[in-house]
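Written out below as structure tokens is the structure these notes cover.
Read-outs: derived from the displayed coordinates by stated rules, not from any lab. Treat the numbers as computed from the prediction; the structure is a model and nothing was measured. Neighbour counts are summed over all protein chains in view; Cβ atoms, including those assigned to glycine, are modelled from backbone coordinates with ideal geometry.
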Amino acid sequence: MYTQALNAKENPSPLGGPEDAQAAARFQARIDAEERIEPNDWMPEAYRRTLTRQISQHAHSEIVGMLPEGNWITRAPTLKRKAALLAKVQDEAGHGLYLYSAAETLGTSREELVDQLLAGRAKYSSIFNYPTLTWADIGAIGWLVDGAAIMNQIPLCRCSYGPYARAMIRVCKEESFHQRQGYEIMLTLCRGTPEQKAMAQDALNRWWWPCLMMFGPPDAESQHSDQSAKWKIKRFSNDELRQKFVDATVPQGQYLGLTFPDPDLAYDEAAGHWRYGAIDWEEFKQVLAGNGPCNRQRMKQRRDAHAAGAWVREAALAHAEKRARRAAAADALPQAA
Amino acid sequence: MPTTSLSLTETPLLAGILRRADDALILGHRLSEWCGHAPMLEEDIALANIALDCVGQARSFYAYAAEVAGGGLTEDDFAYRREAGQYRNCLLVEQPNGDFAGTIVRQVLFSAFNDPYYRALTGSRDATLAAIAAKAEKETAYHLRHSGEWLIRLGDGTDESHARARTALDELWPYTGELFEVDAAEAALIEAGTLPDPRSLRAGFDATLDHILSEATLTRPAGGWMQSGGRAGRHSEHLGFILADLQYLQRAHPGATW
């Protein structure tokens, strides 16, 4: 219902013959020349599928991500914090809407994408399957989760697909504001009472490793990266982005006076990088497989909200149809003298 | 911030400000409970937006209350350090969200009163209240429009949505009488030109409601018994749970800075 008719696909050749190959070559030449691909342009089906999957996963992550943070809106410790958190979660909803719209330009409707999420056929970021147990988690999510998201998303502002790239420009601006807000929460806690500082340390202990996992499996095991790099969807590898994040974040944590939960974390003078210990990829696999602490809870909340809202969406449609019928009937009436 | 609840001497002006502030905060709190659980993404955004407006209005009123009360109080002292019995909001705004129809009907009933109330408050002889109202009335006009349009969709939608809207209207109607009550403190402020007289807004409220309800194919419930007590601190059982959530961190870590 939401999909616009932008994508009457010009089937290049039913046989997949030379025309197909020519179109693909022209397409790749445009990508190599840093041109943006727009919704009505010809694109290989695999490019369309890859982007639909990536953009919709991104949208799902925004929507599921509203839950752990929304968890603290009613308990925010000051009115200023409450307003900021509410505005932040509202921003996430806005990002979700924006991204579903970008995905729709590739020919899949928002309903279909949401159905995929609710049926468990689509993924969302593993990070949102961890619980927000204290107020410091709101600070840690802003600082670390949004910080990691920005590392991932800044390069996407130059993604070859125009609608996604443009969406990312706006999303990144808001995310960087969220990240500063989160860090400021952590700073306030670290300058506060011993209990508050302990709360901040505990949050870092719980969120640090899951945040490193947000960048995805190590390059050696990544399934999608090569082709995505060629299509200029992904410009840096998982490990490159993870390293950038660690390098940027460790000094921030030190400034807070917090300790990273990694005894192997050490500065490599020669390379100019912070070296980190081994990531527990088994945990990552388990969370992706649905066994994280909150996977079932998050999906249940999304399904419950969707099911509870069904009668509302039906009512809105029924009313719109009634109005349209009444307007048509009024138009059909002979003009009164 | 000390551990204890605030001990306040409520002048009529302070009571008048706190009634507006508490209405806004508690309604904002209720609306914020929807965040992430609304029937559609657009409504997650819209309800969060209205909640944000309410929290913003509450902050403006509390800041003024702090100025009037003196003694170095802040907006947060009023929100986080008063007992349920010290809250001055009307009973309507603390009622649970219910289903989406319950939330929409509560919003229509409150906004149909509050929007013209704020507009009248822009003419207050109290310059601060007039300024807060001037900013807030643009927001409340949207709240009324948004919730009114939804009530029309629900009432004139499906049989189920009509029945749910009807039920919500019947359940919440007894909380509308309190909106128009005037006690001695309120009367003094009305007399001084500080606050508008809510009784003068009754006809407008009825007309607004009748207009929305007729489009929604619903009817205004007959008068009937009206609940009361919120303005004097006699609340429903719900408010205690709202404050248990809202005040938990401040109460658990007295004096901490957040």
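At R0 = 30 Å, how high is the FRET efficiency between B:Ala252 and A:Phe177 if r is their beta carbon distance? Nearest 0.05 is fine.
Values: r = 29 Å, r/R0 = 0.96.
Once the sixth-power term is evaluated, E becomes 0.55.
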Using Cα-only point scatterers and the Debye equation, what is log10 of I(q)/I(0) for the range A:167-209 at each q in 0.18, 0.25 Å⁻¹, rounded to two decimals?
-0.60, -0.82
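For the ranges B:24-36, B:154-166, what's the packing order if you count other beta-carbon atoms within 10 Å of each residue, average per peptide, and put the highest first? Numbers along the way, then the final one.
Details: B:24-36: 25.0, B:154-166: 21.5.
By packing density, highest mean first, the sequence is B:24-36, B:154-166.
Can you give the net charge of the other residues whose Cβ lies under 10 Å from the Cβ of B:Ser60, counting K and R as +1 and D and E as -1? Don't skip to the end; give the middle numbers.
On the way: positive: B:Arg20, B:Arg59, B:Lys135; negative: B:Glu75.
Counting the neighbours of B:Ser60, the net charge comes to +2.
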List the residues, sorted by chain then number, that are 5 or more residues from A:Trp274 or on another chain and whose placed amide H is less than 5 Å from its amide H.
A:Asp247, A:Asp268
Need the full-extension length gain, B:Phe241 to B:His211, defined as separation in residues times 0.36 nm minus the C-alpha distance. One decimal, nm.
7.3 nm
Sort out for me the Cα centre separation of the range A:35-79 from the range A:225-267, rounded to whole Å.
21 Å
In this structure, the FRET efficiency calculated for A:Ala24 and B:Glu181 from their beta-carbon separation, with R0 = 51 Å, to the nearest 0.05, is 0.10
Along its principal axes, what span do the Cα atoms of the protein assembly as shown show, with the longest given first and each in whole Å?
83, 78, 40
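Lys and Arg at +1, Asp and Glu at -1: add these up for the other residues within a Cβ distance under 13 Å of A:Lys234 and post the number.
Working: positive: A:Arg53, A:Arg158, A:Lys230, A:Lys232, A:Arg235; negative: A:Asp219, A:Asp226, A:Asp239, A:Glu240.
That sum, taken over residues with Cβ under 13 Å, equals +1.
Let me have the 222 nm mean residue ellipticity of the protein assembly as shown computed from DSSP H runs of 4+ only, each contributing -39500 (n - 2.57), with the sum over all residues rounded to the nearest 500. Present the calculation step by step, with values, prior to reporting the outcome.
Values: 23 runs with 369 residues, N = 595.
Mean residue ellipticity at 222 nm (helix-derived): -20500 deg cm²/dmol.
Exactly which GluC sites (Glu not before Pro) in the range B:46-127 are in a DSSP loop and have at most 13 other Cβ atoms within 10 Å?
On the way: sites: B:Glu67, B:Glu75, B:Glu83, B:Glu94; in loops: B:Glu83.
Passing both the DSSP loop test and the Cβ count: B:Glu83.
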Is any residue of the range A:129-147 close enough, with backbone N under 18 Å, to a label point placed 7 angstrom from the Cα of A:Gln286 along the Cα-Cβ axis, and if so, which?
A:129-132
For A:Arg170, put the label point 7 Å out on the Cα→Cβ axis and report which residues of the range A:138-157 keep their amide N under 15 Å from it.
A:157
Separation of the range B:61-76 and the range B:81-150 by C-alpha centroid, Å?
21 Å
Distant-in-sequence amide H partners of B:Ala256 (H built 1.01 Å from N, under 5 Å)
none
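Take every residue in peptide B:157-165, count the Cβ atoms of other chains within 10 Å of its Cβ, and give the average of those counts. Each step should come with its number before you reach the end.
Values: counts 12, 8, 2, 6, 7, 2, 1, 3, 1.
Across the residues of B:157-165, the mean count of other-chain Cβ atoms within 10 Å is 5.
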Quick one: 3J(HN,Hα) in Hz for the range A:241-247, Karplus 6.51/-1.76/1.60 with θ = phi - 60°, rounded, Gly and Pro as x.
5, 4, 5, 4, 5, 4, 4
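Using a 10 Å cut-off around each Cβ of peptide A:54-67, what is the average number of partner chain Cβ atoms that fall inside?
Values: counts 0, 0, 0, 0, 0, 1, 0, 0, 1, 3, 1, 1, 7, 3.
Partner Cβ neighbours, averaged per residue: 1.
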Please list, ordered by chain and number, the residues whose modelled amide H lies under 5 Å from the amide H of A:Ile37; skip anything fewer than 5 residues away on the same chain.
A:Tyr161, A:Gly162
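Give me a single rounded figure for A:317-328: the average over its residues of other chain Cβ atoms within 10 Å of their Cβ. List each step's numbers first, then the result.
On the way: counts 3, 9, 11, 2, 1, 4, 3, 0, 0, 1, 0, 0.
That average works out to 3.
Taking the Cβ of B:Arg88 as the center, what net charge do the other residues with Cβ under 14 Å away carry, scoring Lys and Arg +1 and Asp and Glu -1? Write down the numbers at each step before the final one.
Values: positive: B:Arg19, B:Arg20, B:Arg82, B:Arg231, B:Arg234; negative: B:Glu10, B:Asp22, B:Asp23, B:Glu83, B:Glu94, B:Glu178, B:Glu181, B:Asp183, B:Glu186.
With Lys, Arg at +1 and Asp, Glu at -1, the neighbours total -4.
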